[in-house]
1. Hey, could you check segment 186-209 for residues that are within 26 Å of Pro361 (Cβ to Cβ) and open to solvent by less than 10 Å² (accessible area, probe 1.4 Å) and say which is nearest to the chain's Cα centre (by Cα)?
2. Can you find even one residue in segment 34-47 that is surrounded by 19 or more Cβ atoms within 10 Å (Cβ to Cβ) and more than 30 Å from Leu351 (Cα to Cα)?
3. Name the helices (runs of 4 or more DSSP H) wholly within segment 1-80 that hold at least 1 residues that are under 22 Å from Arg301 (Cα atoms)?
4. Give the residue, chosen from Glu25, Glu51, that is open to solvent by 90 Å² or more (accessible area, probe 1.4 Å) and modelled with pLDDT of 95 or more.
5. Filter segment 245-261 down to the residues that are part of a strand (DSSP E or B) and small (Gly, Ala, Ser), then identify the one that is farthest from Lys298 (Cα to Cα).
6. Within segment 158-167, how many residues turn out to be out of contact with any strand residue (DSSP E or B) (no Cβ under 8 Å at 6 or more places or on another chain) and not basic (Lys, Arg)?
7. Could you name every one of the strands (runs of 3 or more DSSP E) located completely within segment 82-199 that has at least 2 residues being under 28 Å from Ala286 (Cα atoms)?
8. Taking Arg374, is it touching a residue at least 60 places away in the same chain (Cβ under 8 Å), touching a helix residue (DSSP H, G or I) at 6+ places or on another chain (Cβ under 7 Å), among the basic types (Lys, Arg) and closer than 14 Å to Ile19 by Cα?
Amino acid sequence: MDTNFYRAKRLPPYVFAEINRLKAELRSAGKDIIDFGMGNPDMKTPSHIVEKLIETVGKPDTHGYSSSKGIPGLRKAQTGYYARRWGVKLDPETEVIATLGSKEGLANMAMAITAPGDTVLVPNPAYPIHPYGFMIAGGTLRHVPAIKEDGSFCPETYMRHMDRALRHSVPKPIAMIVSFPSNPTAHVCDLEFYREVIAFAKKHQIWVLSDLAYSEIYYNGKPTPSILQVEGAKEVAIEFTSMSKTFAMAGWRMGFAVGNHHLISALAKIKSYLDYGAFTPVQVAAAAALNGPDDPIKDIRATYHARRDVLIESMGRSGWDITPPEASMFAWAKIPDEFTSLGSMNFAKMLLQEADVAVAPGLGFGEYGEGFVRVGLVENEQRIRQAARNVRKLFQNKDQLISKYTPEEE
């Protein structure tokens, strides 16, 4: 029987599988792993959201099939959020759809618009669903370097790479992805960059998919913009947001796609065949979150901000200088120079096995992520300081460990 399944075989081996296997082995052996590897929020969902869920679950008429597009009250709540936060007006009937998290929305958007062989411009490094959602759908990827060698982001350089990638792609790309604040690099952009992106997309007649999952996790008093703030953006763009990080609701699987009505309609059609939407009480509670006070959002942001500062300060004292992220729940950390030869995978293995600290190797986010690791702000301040002490001890034995973890030449 043929097991050479078309879509499954298109996906490369999962780079994080080895790290996950090692974590499981070490935990089984009794090791206390300080896990910065996965962006899984550890904070409690605000109480008023949980209370609304409990209240709604108690109603017998909320346990049937729901709506894959999202209940009307939830879509209206999202339009209210966009109006307050960015001054963007949306039609809840034609320009908003609820998704099972932004990840599901991005994947099904790719399925909706991609024909076999279609080319898509994707940043590299990138959150895996950005490229692989299109690969699963049968598309062809054109990777665009998203960072400079030192790990920084330069809008002008990025747009030059984007222009070059488009001009050298056959057939012409159908879409491009932008993601700010970025996962994994934590980089941010300004509204002027989005204006350039929209002008570029209109000039070349391609769609723009903007991932804004970390819209509310920003620091230094600099709120993140939305691409839909650009005049005329809805002619070519759709934007994905998530409640996972904003309200510490990752397991609730609630997100949104908003923007261009043609793209929203296509996504709605695909979803109508695939799901019945999130459990109605979850949608009602999500609406309560969006309609509720901003204090929980500010509290969650402040917690990440404090953790960021502790990470940068404590790791710096341990000998690992990490650039402070301007946004997101991650730090994009360059591997210290003396460990560069190990590569991101072996460096991550070394931290895990020798310091009980788990991080995500940059290679897992694309070839241009090599030389870096992603550090999630998902442990409390005490645990972050303990991780820094462990790292400091590791660095004191660097010569021996470099020899141990240097990959063998083939």
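1. Restricting attention to segment 186-209, the residues satisfying the condition of being within 26 Å of Pro361 (Cβ to Cβ) are 186-189, 209.
Narrowing the set further to residues that are open to solvent by less than 10 Å² (accessible area, probe 1.4 Å) leaves 186, 209.
Details: Ala186: 9, Leu209: 13 Å.
Of everything passing the filter in segment 186-209, Ala186 is nearest to the chain's Cα centre (by Cα).
2. The first filter runs over segment 34-47 and keeps only residues surrounded by 19 or more Cβ atoms within 10 Å (Cβ to Cβ), leaving 34-37, 39, 41, 45-46.
Remaining after also requiring more than 30 Å from Leu351 (Cα to Cα): 45-46.
Yes, some residue in segment 34-47 is surrounded by 19 or more Cβ atoms within 10 Å (Cβ to Cβ) and more than 30 Å from Leu351 (Cα to Cα).
3. On the way: elements: 6-10, 17-28, 47-57.
The helices (runs of 4 or more DSSP H) meeting that bar are 47-57.
4. Values: Glu25 fails: modelled with pLDDT of 95 or more.
Within the list Glu25, Glu51, the selection yields Glu51.
5. Within segment 245-261, the subset part of a strand (DSSP E or B) is 255-259.
With small (Gly, Ala, Ser) added as a condition, the list becomes 255, 257, 259.
Values: Gly255: 19, Ala257: 23, Gly259: 26 Å.
Looking at residues that are part of a strand (DSSP E or B) and small (Gly, Ala, Ser), I get Gly259.
6. To start, the set of residues in segment 158-167 that are out of contact with any strand residue (DSSP E or B) (no Cβ under 8 Å at 6 or more places or on another chain) comprises 159-160, 163-164, 167.
Subset that is not basic (Lys, Arg): 159, 163.
Number satisfying all stated conditions: 2.
7. Working: elements: 96-99, 119-124, 140-145, 175-179.
Output list reads 96-99, 175-179.
8. Values: touching a residue at least 60 places away in the same chain (Cβ under 8 Å): yes; touching a helix residue (DSSP H, G or I) at 6+ places or on another chain (Cβ under 7 Å): yes; among the basic types (Lys, Arg): yes; closer than 14 Å to Ile19 by Cα: yes.
Taking the combined requirement at face value, the residue satisfies it.
The values are calculated or read from the model by the stated rules, or taken from the named source; none is laboratory data. From a predicted model like this one, the values you see are computed outputs, not experimental measurements. Note that we place each Cβ from the backbone using ideal geometry, even for glycine, and neighbour counts take in every protein chain shown. SASA here: full protein model, heavy atoms, side chains in, ligands and nucleic acids out. Shrake-Rupley method; radii C 1.70, N 1.55, O 1.52, S 1.80 Å.
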